[in-house]
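Visitor: Quick one: the structure is below, questions incoming.
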Amino acid sequence: MTLLRRALPVVMAVVTSPQTRALRRSAASAVRRLRGSAREVHYFHQVDDPYSALAVQTLRALAERYAIALVPHLVAPPSDAAAPERALLDAFARRDAADVARGYWLAFPSSAGPPKPDDVALAQRVLARAISQGSFVDVAARVSAVLWSADARALAGVAGQLGEENPAEAHAALAEGTALREHLGHYLGGMFHYAGEWYWGVDRLHHLERRLLGEGAARGSAPDAFIAPRPTLRREPLRSASAPARADIVLECFTSLRSPYSYIAMERVSALAKHYGIALALRPVLPMVMRGLPVPRAKQLYIALDTKREAEDAGVAFGRICDPVGRPVERAFSLWPWARGCGRAAELLLEFMRAAWSQGIDTGSDAGLRLVVERAGLAWSEAQPHLDRDTGWRAELEANRAAMFGLGLWGVPSFRVQSHDATDYTTWGQDRLWRVEEEIRARLVSTRR
């Protein structure tokens, strides 16, 4: 184990720790007070991004509830490096935004297609004018709704009412916002930035609100509830403990050993399947970087910090990281077929991820992998004959990747709920487990009628 790999878990534990986060926040507050400046929350709006279309619907409530200066910016789509499967991302984002909008009490059209370039450009010009006039918070949700309705005449009418910048000024505003987003260290639209931290759209708005509440920034008349609280897992009983399992309902989970989001989802996924008595099918894939897809440094840092917040909400230990990319992943998967034959495949994956993402264990070493194997309830002596051999696992993981892409998904963790009496449901992200549970419950309820 090199000195760098020895030091990395300690460094990442410090970087992601709540104590370091509290120090960063205290320092930011101290600087703001010394300058006598207001709390500035920067919002980065990508006109043709469905998640921005959801986020922009929360701006008025955010500005009314908290003593903040809400500073809007227009931004371009992410680079190819940050969005390597752009076509899949764009199509999924539209479907996903419509799928989750009702859970957040927001709206997005279920049949939305990609906005026409001319309409996008017009919306950008209108919103650039709104920013210059200080009216973005008042009009942005309206402009977004008309754009996504695909009604060019209605959009032109709104533009006539609100006014628009000329193309050169709108382009300058877009370039300025995009450059600021990059300078501050991000790459997506629909993002909130407050005093050194990023919050992705409505899915992370509760983290921002929690921080503002902790700073005493709520106005006196602000309601106690969050603006867009994420729906939680219910796990309410729909079957007695003695009822037979529903093997015809299958929860497929596409996962990766190098995905921190996959790690913090694993226990909840297993618990969901067990609670509802359905089958769980794990379908691992190789990490993106091991498939030749780049992950920019800014993206890596954001993911680590964001996963820490999400892990805290899920009650999962995270942050002492020893990156398992490369040989550690390959060695673990060389044991995958054998572990499955022993009925301990899920345990092997979970223990490997727990060691890599929360305990700082070098899972590529014999000592580290042995610890993983034994914690999974397997014998190291029986594992060794299978170690570092390709017994078909590479082909299996590639088949899983192809199947995932065939579903219009590309990232992990991704999920598919299948049953003989309903259309398959697919989604992506550990923050979509509440929707996965809803689909499971709907299938169970339908069988009881």
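Visitor: Going residue by residue through the stretch 417-425, is there one that turns out to be within 22 Å of Met266 (Cβ to Cβ), acidic (Asp, Glu) and touching a Phe, Trp or Tyr at 6+ places or on another chain (Cβ under 8 Å)?
Guide: no
Visitor: Just to verify a result, which residue in the stretch 218-237, among those that are crowded, with 17+ Cβ neighbours inside 10 Å and more than 21 Å from Gly315 (Cα to Cα), is modelled with the lowest pLDDT?
Guide: This residue is Ala222.
Visitor: Output yes when any residue across the stretch 24-37 is part of a helix (DSSP H, G or I), hydroxyl-bearing (Ser, Thr, Tyr), closer than 26 Å to Val316 by Cβ and within 21 Å of the chain's Cα centre (by Cα), and no when none is.
Guide: no
Visitor: Now for a separate question. Would you check which residues across the stretch 48-89 are outside any loop (DSSP other than H, G, I, E, B) and among the acidic types (Asp, Glu) and list them?
Guide: Once the filter is applied, which keeps residues that are outside any loop (DSSP other than H, G, I, E, B) and among the acidic types (Asp, Glu), the stretch 48-89 yields only Glu64.
Visitor: With the condition kept exactly as written, say whether any residue in the stretch 128-142 is touching an Asp or Glu at 6+ places or on another chain (Cβ under 7 Å), on the phi < 0 side of the Ramachandran plot and of a type in the set (A, V, I, L, M, F, W, C).
Guide: So far as the stretch 128-142 goes, yes, one or more of its residues are touching an Asp or Glu at 6+ places or on another chain (Cβ under 7 Å), on the phi < 0 side of the Ramachandran plot and of a type in the set (A, V, I, L, M, F, W, C).
Visitor: Only one of Ser132, Ser149, Ser110 is open to solvent by 50 Å² or more (accessible area, probe 1.4 Å) and in contact with a helix residue (DSSP H, G or I) (Cβ under 6 Å, 6 or more places away or on another chain). Can you tell me which?
Guide: Ser110
Visitor: Another question, then. Going by what's in this entry, would Ala38 be described as touching a strand residue (DSSP E or B) at 6+ places or on another chain (Cβ under 7 Å) and at pLDDT below 95?
Guide: So Ala38 passes the test.
Visitor: Only one of (1) at pLDDT 95 or above; (2) open to solvent by 30 Å² or more (accessible area, probe 1.4 Å); (3) farther than 18 Å from Phe192 by Cα; (4) part of a helix (DSSP H, G or I) fails for Asp138. Which number is that?
Guide: The failed condition is (3).
Visitor: If you don't mind, there's one more thing I want to ask. Only one of (1) part of a helix (DSSP H, G or I); (2) β-branched (Val, Ile, Thr); (3) surrounded by 17 or more Cβ atoms within 10 Å (Cβ to Cβ) fails for Val10. Which number is that?
Guide: The failed condition is (3).
Visitor: Is it true that Ala76 is more than 20 Å from Ala225 (Cα to Cα) and touching a helix residue (DSSP H, G or I) at 6+ places or on another chain (Cβ under 6 Å)?
Guide: In short, yes.
Visitor: Can you go through Leu205, Leu212, Leu257 and tell me which one is open to solvent by less than 30 Å² (accessible area, probe 1.4 Å), in contact with a Phe, Trp or Tyr (Cβ under 7 Å, 6 or more places away or on another chain) and part of a loop (DSSP other than H, G, I, E, B)?
Guide: The conditions single out Leu257.
Visitor: Filter the stretch 410-449 down to the residues that are assigned to a loop (DSSP other than H, G, I, E, B) and touching a Ser or Thr at 6+ places or on another chain (Cβ under 6 Å), then identify the one that is surrounded by the most Cβ atoms within 10 Å (Cβ to Cβ).
Guide: Checking each candidate, the answer is Val412.
Visitor: So in the stretch 162-192, with the set limited to residues that are assigned to a loop (DSSP other than H, G, I, E, B) and among the acidic types (Asp, Glu), which one is least open to solvent (accessible area, probe 1.4 Å)?
Guide: Once the filter is applied, the top-ranked residue is Glu165.
Visitor: Hey, can you tell me all the residues within the stretch 376-409 that are open to solvent by 80 Å² or more (accessible area, probe 1.4 Å) and small (Gly, Ala, Ser)?
Guide: Selection gives Ser381 alone.
Visitor: Determine, yes or no, whether Leu62 is of a type outside the set (Asp, Glu) and surrounded by fewer than 21 Cβ atoms within 10 Å (Cβ to Cβ).
Guide: no
The values are calculated or read from the model by the stated rules, or taken from the named source; none is laboratory data. No experiment lies behind these values; they were computed from the predicted model shown. With ideal geometry, Cβ positions are generated from the backbone for all residues, glycine too; neighbour counts draw on all protein chains shown. These accessible areas exclude ligands, DNA and RNA; they are computed on the full protein's heavy atoms, side chains included. Shrake-Rupley method; radii C 1.70, N 1.55, O 1.52, S 1.80 Å.
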